[in-house]
Amino acid sequence: MKKTALVVARVTASLLGSYVLVWGFVTFGITLGVAGGMPYDDSQTLLYMLAFLLFVACFCWAFSAKSALRVWLCFAFGGALMTLSGWLLAGKLG
Amino acid sequence: MFSSFRSAMTWVHTWFGLVLGFLLVVIFFFGSLSVFDREIDRWAIPETRFEHQPMPSFDARLRPIFESIQPDPNELAQARERVGTLPEKLRLMNWSAYTTHRDPVLTLYAEYAVPNPSDPDDHVHGHVTIDPRSGKLLQNDRLAIGSAFFYPMHISLHVQWHDLGYWLVGVAALVMLVLLLSGVVIHKKLFREFFTFRAHKHTQRSKLDLHNLTGVVALPFHIMFPLTGLVIFAGIYFPVSQTLLKPLAEKHEQIEAQARGLPHQPSGVAAPLSSVDAMVVEAKRRWAKRGMPGEVGFLQVTHVGDKSGYVSIFRAGSDRVTLVGQAVHFEAATGRVIYEEPPPSAVSGISEFLTGLHLQHFQHWLLRWLYVFGGFSGCICIATGLVFFVGKRKRRHAAEGVHGARWVDALAVATVTGTVIATLGILVANRLLPEGLDQRATWERGAFWACWSMSLVHAVIRSAPVLQARISPAWREQCHAIAGLAVIAVLLNWVTTGDHLGRTLARGYYPVAGLDLALLATAAIALAAARHLRAREATPMPEERDGFSVDTLAVDAADG
């Protein structure tokens, strides 16, 4: 039973948790690029190209990390923090 | 949970490979067929079997046809459901036409505004397909099996509900990248295995060798496709610009539109359209001046009949990896150049190159075939992975009376041979169904799904021998079905159109000759596979050799 729960925690972290983190990365990255003077489309294109490389790395880390809890915490907090920062920065720029 | 990075990657490789492997075979297979989607269209729609045509004269040929296009009745009915009654005549928004170096026919598109208070961008479409040589309208309801059935299968599996198909393909693509990475981690001795194929040593060993060989030989290719595919549809997977960053995105869109000077909205004042042919001449002159003379790939008239109207002429990307581009925009009423798009920035240049690598619009037939073989090597890699999974477990499952390996084997049959059978089924149905049949395209699609379902049912019914750790006869029987259907498809093409191989080859008409030859090659391979399988079924499985299972197979390290 405990093993099943662990597997579920890691599989959901690898797909959903990574998604949350990458969402934040894309949001924050685009606004950072625009703040740095890039055209919006260029910034978005750049982040889209990097997004899936980060996703693959996060996916693998979700299984290789020692603690599943730490993985989930990093993804959730990292994703939320970057999304919030991106949103605030976009408000300043817009 | 795992003792090392390598054992974690082994677990991921085994179980994600199993769950998404079936989907990946299908995506790789139909992606490979999509490389020749236009050519498959020619096979399926015999009245379009003629040479590629450049974009014809707009003023003389296309304009009268554009003016005769009507909104699609089905879309009108759906629009009425959204907004109630519609005015007698909808406002025409834009016209467009797109062609490539592989298209003999030309499809013309029109968009019409739907007055909808809750969605200012609401619109419906209309389109016609013409023979550009004469301007004659072609039947619009013929199913272009390559570009309108196999290609959508590749990108969205024909699952339309809430874009679910795109998401499934996206997850599969992401997992493919992970499988490649974890595969490299598991098989550390990458280069030694690259040169290793022990075809006659031991079935399990040769399966694994083939798995590694096909995976490694085209590794950059296998990495490039899922990655660029994800980037192409990134807007669906991370729609930040439509949600969280919408205000910022819209603001920048307006700034950019202002800089270009292209009117976003119609003015409401009517104005005539000046000669588009003259604009095409000017666009070609400008491309030549930039050292890249070319043909028109995409042509669009925005705000048709309005004073703010403009004409955009894009260059076809047949001679380079990146797609259509280098647009020149003209004022519709005067023919004056409003804006010539500058060379792309570094970022969009890289992105366009990656997109172009995946969508391959360039003219290079050898490379096109290499794409197909690369795609098929991906299919073989994934399929041998699935078969290896079964082979490794069926003896133990047989001893324990567990059905797991049996189900995986049946699904593998339906995904590998079943997909080919369904593909051949739709081609055979395309040639067998009467020409004037109502809803012909629906029957063709039905034949595809029916063949696939029958293959699955057959694979399940015949899977009992797997329980005794033997080979399911479904593999061999479906190979025979493939051989039969492929030959029947070639014969039906001959009987119904007169285009036998002797004629198409003599004429040098390769879209049809190529598919016929590929079908015959498929039949030959399927027959050889069936013979091989019969020999295997007859000889009892040799006992597992000592020292084989653990120390030679890294895959065994940590899975369950």
Query raised in the report: For the range B:216-228, how many residues meet the condition of being open to solvent by less than 20 Å² (accessible area, probe 1.4 Å) and either at the interface with chain A (Cβ under 10 Å from one of its Cβ atoms) or touching a Lys or Arg at 6+ places or on another chain (Cβ under 8 Å) (or both)?
Result: 2
Report task. Using the structure shown, decide if residue B:249 is surrounded by 18 or more Cβ atoms within 10 Å (Cβ to Cβ), farther than 19 Å from residue B:180 by Cβ and in contact with a Ser or Thr (Cβ under 6 Å, 6 or more places away or on another chain). Result -> yes
Query raised in the report: Does residue A:10 meet the test of being over 12 Å from the mean Cα position of the chain (by Cα), of a type outside the set (Val, Ile, Thr) and either on the phi > 0 side of the Ramachandran plot or open to solvent by less than 50 Å² (accessible area, probe 1.4 Å) (or both)?
Result: yes
Query raised in the report: Condition test on residue B:488, is it outside any loop (DSSP other than H, G, I, E, B) and open to solvent by less than 30 Å² (accessible area, probe 1.4 Å)?
Result: no
Requested in this report: Just give me the residues in the range B:324-366 being more than 14 Å from every other protein chain (Cβ to nearest Cβ) and in a loop (DSSP other than H, G, I, E, B), in sequence order.
Outcome: B:324, B:332, B:333, B:334, B:335, B:336, B:360, B:361, B:362, B:363, B:364
Query raised in the report: So which of A:21, A:47, A:84, A:89 is more than 7 Å from chain B (Cβ to nearest Cβ) and surrounded by fewer than 19 Cβ atoms within 10 Å (Cβ to Cβ)?
Result: A:84
Query raised in the report: Going by the structure shown, is residue B:185 in contact with a Phe, Trp or Tyr (Cβ under 9 Å, 6 or more places away or on another chain), surrounded by 15 or more Cβ atoms within 10 Å (Cβ to Cβ) and at pLDDT 90 or above?
Result: no
Report task. Looking only at the range B:240-252, decide whether some residue is of a type outside the set (Phe, Trp, Tyr) and in contact (Cβ under 8 Å) with a residue 40 or more places away in the chain. Result -> no
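Each row is one residue, and each column tells you yes or no for (1) modelled with pLDDT under 95; (2) among the polar types (S, T, N, Q); (3) more than 30 Å from residue B:372 (Cβ to Cβ).
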{"site": "B:517", "(1), (2), (3)": "no, no, no"}
{"site": "B:522", "(1), (2), (3)": "no, yes, no"}
{"site": "B:528", "(1), (2), (3)": "no, no, no"}
{"site": "B:531", "(1), (2), (3)": "no, no, no"}
{"site": "B:538", "(1), (2), (3)": "yes, no, yes"}
{"site": "B:543", "(1), (2), (3)": "yes, no, yes"}
Requested in this report: Go through the residues of the range B:91-99 one by one and say whether even a single one is open to solvent by less than 70 Å² (accessible area, probe 1.4 Å), in contact (Cβ under 8 Å) with a residue 24 or more places away in the chain and within 24 Å of residue B:507 (Cα to Cα).
Outcome: yes
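The values are calculated or read from the model by the stated rules, or taken from the named source; none is laboratory data. Fair warning: this is a prediction, and the values are worked out from it, not measured in the lab. Note that each Cβ is placed from the backbone with ideal geometry, even for glycine, and that neighbours are counted across all protein chains shown. Surface accessibility is based on the protein's heavy atoms, side chains included, excluding ligands, DNA and RNA. Shrake-Rupley method; radii C 1.70, N 1.55, O 1.52, S 1.80 Å.
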